[in-house]
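In what follows, a structure is listed as structure tokens, so that the remarks can point back to it.
The values are calculated or read from the model by the stated rules, or taken from the named source; none is laboratory data. The model shown is predicted, which means the values in this text are computed figures rather than measured ones. Positions of Cβ are backbone-derived with ideal geometry, glycine not excepted, and every protein chain shown enters the neighbour counts. The protein model used for the area step is the full one, side chains on, heavy atoms only, and it has no ligands, DNA or RNA in it. Shrake-Rupley method; radii C 1.70, N 1.55, O 1.52, S 1.80 Å.
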Amino acid sequence: RSSSPAKVVPASGTEDLFLRLKALRREIAEETRVPPYVIFPDRTLQELASLRPSGMADLSLVFGIGEIKREKYGKVFLAEIARQEG
């Protein structure tokens, strides 16, 4: 077994949204002066891109999103997902 973390590979058809969510995460990280993984790890961004949740309650089904992160970042990430859909 390797001790290094697995690289997250976007599922087919989700790469564009995944990259947009990564860019959004980077912007938030820069504004709040924390490393991007503190906002959400890549796995969470991949699940967001794949599942495309449409509401705050749906975010609870995504790996790495608990109540605090849902309240803190949920609306802005949902808006980006909705923008992609529209």
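With respect to Glu31, determine if the residue is open to solvent by 100 Å² or more (accessible area, probe 1.4 Å) and either at pLDDT 95 or above or within 17 Å of Leu17 (Cβ to Cβ) (or both).
Taking the combined requirement at face value, the residue satisfies it.
Just checking, how many residues over the range 50-70 are surrounded by 12 or more Cβ atoms within 10 Å (Cβ to Cβ), charged (D, E, K, R) and part of a helix (DSSP H, G or I)?
Count: 3.
Sort out which residues of the range 38-49 are under 10 Å from the mean Cα position of the chain (by Cα) and either open to solvent by 60 Å² or more (accessible area, probe 1.4 Å) or more than 15 Å from Arg20 (Cβ to Cβ) (or both), and write them in order of number. Break it down into steps so the answer makes sense when it comes.
Taking the range 38-49 first, the residues under 10 Å from the mean Cα position of the chain (by Cα) are 39-49.
If the condition is that a residue be under 10 Å from the mean Cα position of the chain (by Cα) and either open to solvent by 60 Å² or more (accessible area, probe 1.4 Å) or more than 15 Å from Arg20 (Cβ to Cβ) (or both), then Pro41, Arg43 are the ones that fit.
Return the total of residues in the range 60-75 being over 10 Å from the mean Cα position of the chain (by Cα) and either of a type in the set (A, V, I, L, M) or closer than 15 Å to Leu19 by Cα (or both).
2
Output the residues belonging to the range 12-64 that are among the aromatic types (Phe, Trp, Tyr) and either within 11 Å of Ile81 (Cα to Cα) or touching a Cys at 6+ places or on another chain (Cβ under 8 Å) (or both). Give the derivation first.
Let us first name the residues in the range 12-64 that are among the aromatic types (Phe, Trp, Tyr), namely 18, 37, 40, 63.
Of everything in the range 12-64, just one residue is among the aromatic types (Phe, Trp, Tyr) and either within 11 Å of Ile81 (Cα to Cα) or touching a Cys at 6+ places or on another chain (Cβ under 8 Å) (or both), namely Phe18.
Filter the range 41-62 down to the residues that are within 19 Å of Arg26 (Cα to Cα) and not acidic (Asp, Glu) and list them by number.
The answer is Pro41, Arg43, Thr44, Leu45, Gln46, Leu48, Ala49.
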